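**Student:** Dropping the structure in here first, questions after.
The values are calculated or read from the model by the stated rules, or taken from the named source; none is laboratory data. For clarity, every value in this text was computed on a predicted model and none was experimentally measured. All Cβ positions, glycine included, derive from the backbone under ideal geometry; neighbour counts span all protein chains shown. Keep in mind that these areas ignore ligands, DNA and RNA; they rest on the heavy atoms of the full protein, side chains included. Shrake-Rupley method; radii C 1.70, N 1.55, O 1.52, S 1.80 Å.
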Amino acid sequence: MKFRQIEAFRYIMLRGTTAAAATEMHVSQPAVSRLLSDLEYSLGFSLFDRRKGRLYPTHEAAEFFRSVEESFLGLEKLESVAAKIRTRTPSEIKIASTSAIASTLLPLALQEHKKYFPDERVTIHTDSMSELVMKLQTNSVDLAIGLELPQLIGIEREFIGNARFVFAARSDHPLAKKEVITAQDLIGESVLTVVDNSPIYWSELGGALSSVKSLIKQNIMIDTSHTGYAMIAAGMAVGVLEPFAARVWKGNDVVIRPFDPAIFYPYGLAYPTNTRQHKSLYSLTETIRNVAQSMIEFNNDCAVMRK
């Protein structure tokens, strides 16, 4: 490998095209293409899928790029990284997940996964949905789990299930005596509000409360459901939240009830195109889907939700 070859690869990853890379490097586009071809030959694996004149980074490219971006790495270490990719030696999986999924579904899935890949290192990033998308698009993680993402270029998605959002209150709250909670029941209450850099994810929840928006108090803003359940446990507010973190907080005087009208959110996992060619990651995604199917949060049965 030569420095100019790695430089060409880096600029293509950052700018998206050989033309843009050529501009950055002050060379011609054919020259960048040659540098890329020479680099792929020396590495022993492809860095991009070429479809209809566009370049799509392979999983190998994403993994190699992370090491390139760590800066000041000697070429010797990059050669070592390339050798591991060639032989697909298990090393590390980087996962981004919302906090609720990271504390419920993910531990169950990793417990099973570690039976088959015990020595593999796993790094877990707990993020908001907007941060999760950013990490996926910059190839900073191998896998993301949370609300189902919109269609994104270079990102594959897999649906894992619909979860019905629930009403949550402290056990001594008057509304805890009701079987089902409606928007009208929230009039006069302090109701948690979710904040996110991408509010589009919470439009359905906002719509369900729109009829009483002017009649409820929304003076506690949260960016994770665990924070919301903590506020509820302290008697600070009630809320309509995802059901996953409830299993952690039920032992802290928090009760959940079905909310009507029912609010369903689709959940899924996502990964850069070609990532699942990695044997252990393919296995993990299969495990996550199987675990999700066994969780009561995806059952959506009102009787089960009260237990």
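**Student:** If you average the sequence gap of Cα pairs under 8 Å that are 6 or more apart and divide by the length of the chain, what percent do you get for the contact order?
**Tutor:** 21
**Student:** Please report, in whole Å, how far the alpha carbons of the chain spread along each principal axis, starting with the longest.
**Tutor:** 71, 43, 34
**Student:** Tell me, what HN-Hα J-couplings in whole Hz come from the Karplus equation 6.51 cos²θ - 1.76 cosθ + 1.60 at θ = phi - 60° for each residue of the range 254-263, using x for Gly and Pro?
**Tutor:** These are the phi-based 3J(HN,Hα) values: 9, 10, 10, 9, x, 10, 10, x, 4, 10 Hz.
**Student:** Over 32 Å between Cα atoms, which of 177/213; 135/279; 94/213; 177/217 qualify?
**Tutor:** Numbers: 177/213 23 Å; 135/279 22 Å; 94/213 40 Å; 177/217 21 Å.
Long pairs (Cα-Cα over 32 Å): 94/213.
**Student:** Roll a 1.4 Å probe over the protein heavy atoms and report the accessible area of residue 294 in Å², nearest 10.
**Tutor:** The accessible area of residue 294 comes to roughly 90 Å².
**Student:** Of 259, 165, 117, which has the largest mean-square fluctuation in a 10 Å C-alpha GNM of the chain?
**Tutor:** Looking only at 259, 165, 117, the largest GNM fluctuation is found for 117.
**Student:** Net charge within 12 Å of residue 114 by Cβ-Cβ distance, Lys/Arg positive one each and Asp/Glu negative one each, not counting residue 114 itself?
**Tutor:** Numbers: positive: 115, 121; negative: 112, 119, 120.
Residues close to residue 114 contribute a combined charge of -1.
**Student:** I need the phi-derived Karplus couplings for the range 182-191: 6.51 cos²θ - 1.76 cosθ + 1.60, θ = phi - 60°, integer Hz, Gly and Pro marked x.
**Tutor:** Coupling constants for the range 182-191: 10, 4, 5, 5, 8, 4, x, 8, 7, 10 Hz.
**Student:** Another question, if that's okay. Please express the shape of the range 123-257 as an equivalent ellipsoid: the semi-axes are the square roots of 5 times the eigenvalues of the C-alpha gyration tensor, given largest first in whole angstrom.
**Tutor:** After diagonalising the Cα gyration tensor, the semi-axes are 29, 16, 13 Å.
**Student:** Springs between alpha-carbon pairs under 10 angstrom, Gaussian network model over the chain: which of 153, 216, 288 fluctuates most?
**Tutor:** 153
**Student:** Residue 299 versus residue 202, label points 7 Å from Cα toward the beta carbon: distance in nm?
**Tutor:** Each label point is offset 7 Å from its Cα along the Cβ direction, giving 2.9 nm.
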